[in-house]
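Colleague: The structure that follows is given in the form of structure tokens.
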Amino acid sequence: MGGARVRRIVVPDVAAPGAELSGAELPGAEYASAFELGTATARARTPEQWARAAFEGSPAVFRGLLLIGWTLVLGLRLGPRPSPTHVLGWSIATSDADSCTVTASSRLVTAHNTLLVRDDGVVWITRVRHERRLGRVVWGAIAPIHHLTVPWILRRAGRAAPRG
């Protein structure tokens, strides 16, 4: 799986009949993106295991940079690390056989990251709602970094996935 490819895709419609994304909604979200890692071994992990592999399985230095960006730049209020109810400080809002949504918020933004596991791959969906005008400005500066970071994290988690 060394050459696993992550591509940006259209954000799946969570309002569609039979949608697989319980809990992924974020009313009033002004930003949404989705990235997909194609892999036949996606179901070798639960969605929560994918979320943990992506966030908590990253190198320590990288995790530190994420935490600095989340807390000092975005002001996100994160929970305990490690914790069975949090993934690198993000609160687990929902976790089932098909998806896991983690949430965090601050005075600037509220964010949801959803890992959706399908038979043929894993989709990472991010939704952000700006709570203040400054949140829009800060997220605007952070979004390009997010677009580089998510594919890297997802690809790395995929390389470490158990073989089905």
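Each value in this text was obtained by applying a stated rule to the coordinates, not by laboratory testing. If you're wondering where the values come from, they're calculated on a predicted model, not measured in any experiment. Because the Cβ atoms are built from the backbone with ideal geometry, glycine has one as well, and the counts that use them run over all protein chains shown.
Colleague: Relative contact order, percent, of the chain when contacts are C-alpha pairs under 8 Å separated by at least 6 residues?
Modeller: Numbers: 315 pairs, mean separation 51.1, N = 164.
Relative contact order, the chain: 31 percent.
Colleague: Do the sum for the chain: with -39,500 (n - 2.57) for every DSSP H run of n ≥ 4, divided by all residues, what is the mean residue ellipticity at 222 nm, to the nearest 500 deg cm²/dmol? Provide the component values of the computation, followed by the final result.
Modeller: Details: 3 runs with 45 residues, N = 164.
Result for the chain: -9000 deg cm²/dmol, rounded to the nearest 500.
Colleague: Under the rule a/c < 1.5 gives rounded, and otherwise a/b versus b/c splits prolate from oblate, where does segment 90-164 land using the Cα gyration tensor?
Modeller: Values: a/c = 3.13, a/b = 1.71, b/c = 1.83.
Because a/c hits 1.5 or more and a/b fails to exceed b/c, segment 90-164 counts as oblate.
Colleague: According to the square roots a ≥ b ≥ c of the eigenvalues of the Cα gyration tensor, what is the shape class of the chain, taking rounded for a/c under 1.5, prolate for a/b larger than b/c otherwise, and oblate for the remainder? Let's see the in-between values first.
Modeller: On the way: a/c = 1.55, a/b = 1.29, b/c = 1.20.
Taking the square roots of the gyration eigenvalues as a ≥ b ≥ c, the chain is prolate.
Colleague: Moving to a separate point now. Put +1 on the Cβ of each Lys and Arg and -1 on the Cβ of each Asp and Glu in segment 3-155; which of V6, L37, L76 then has its Cα farthest toward the positive end of the dipole?
Modeller: L76
Colleague: Near the amide H of Y31, under 5 Å away, which other amide H atoms are found, from residues 5 or more places off or on another chain, if H is placed in the peptide plane?
Modeller: It is V128, by chain and number.
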